Amino acid sequence: AGYMEQEEKPYITLKECTLSGGCTSKQAKLTLDANWRWIHHTSGYENCYTGDAWNPNFCSDPVACARDCALEGVSADKYRNTYGIEQLQNGVKLNFVTDHQFGTNVGSRLYIMDGDDKYKMFYLKNREFAIDV
């Protein structure tokens, strides 16, 4: 994991409803897909991935790449101003295109977390899944 930027995940409110018990609300953190994050050498600012190729100085093979490269965290400010992910009261607003000081970000992909280090798994057989867009 990277060390230059503290990870500050946004959150959403999930509601689980049953016929007998009504609905309960739970907050869940979100995390940005690694494809949008900065991957750099562990001892500095040099990129390990340039958008279309891995840097051969650090990534001569998968083991070297995993050892020598770090996936950087994303601050609340960068979630909003770089990636266009804005925290709302019970959810998030995703901008498709976000202009920022280093260029333009297009799209974003978030995952719902189950705790701090696992993705949330939804078991949907014979269940309804609804989302407001």
A correct Kirkwood calculation over the Cα atoms of region 1-129 returns a hydrodynamic radius in Å of 16.7 Å
Projecting the Cα atoms of P62, L124, Y83 onto the charge dipole of the chain, where Lys and Arg contribute +1 and Asp and Glu -1 at Cβ, the residue farthest towards the positive end is L124
Sequence order, region 109-125: Karplus ³J(HN,Hα) from phi using 6.51 cos²θ - 1.76 cosθ + 1.60, θ = phi - 60°, Hz rounded, Gly and Pro as x, gives 9, 10, 10, 7, 9, 10, x, 9, 9, 9, 6, 6, 9, 9, 9, 9, 4
Length-normalised contact order of the chain, Cα under 8 Å, at least 6 apart, in percent, tallies to 27 percent
Least to most buried among E86, E128, by other C-beta atoms within 10 Å and fewest first, runs E128, E86
FRET efficiency for S60 and Y119 from the Cβ-Cβ distance with R0 = 30 Å, rounded to 0.05, comes out at 0.50
Counting sequence-distant residues (5 or more places) and residues on other chains, those with an amide H built under 5 Å from that of D114 are Y119, K120
Over the chain, the sum of -39500 (n - 2.57) across DSSP H runs of at least four, divided by residue number and rounded to 500 deg cm²/dmol, gives at 222 nm -2500 deg cm²/dmol
Contour minus Cα-Cα span, F102 to A34, at 0.36 nm per residue, comes to 22.6 nm
A correct Kirkwood calculation over the Cα atoms of region 35-91 returns a hydrodynamic radius in Å of 12.7 Å
Compactness check, region 1-61: C-alpha Rg relative to the 2.2 N^0.38 Å globular estimate gives 1.82
Debye calc, one equal point scatterer per Cα of region 54-133, no solvent, log10 I(q)/I(0) at q = 0.12, 0.14, 0.19, 0.26 1/Å comes to -0.59, -0.76, -1.05, -1.20
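Every number here is computed from the coordinates shown, using simple stated rules; none is lab data. Just so you know, these numbers come straight off a predicted model, no measurement behind them. Neighbour counts run over all protein chains shown; Cβ positions are idealised from the backbone, glycine included.
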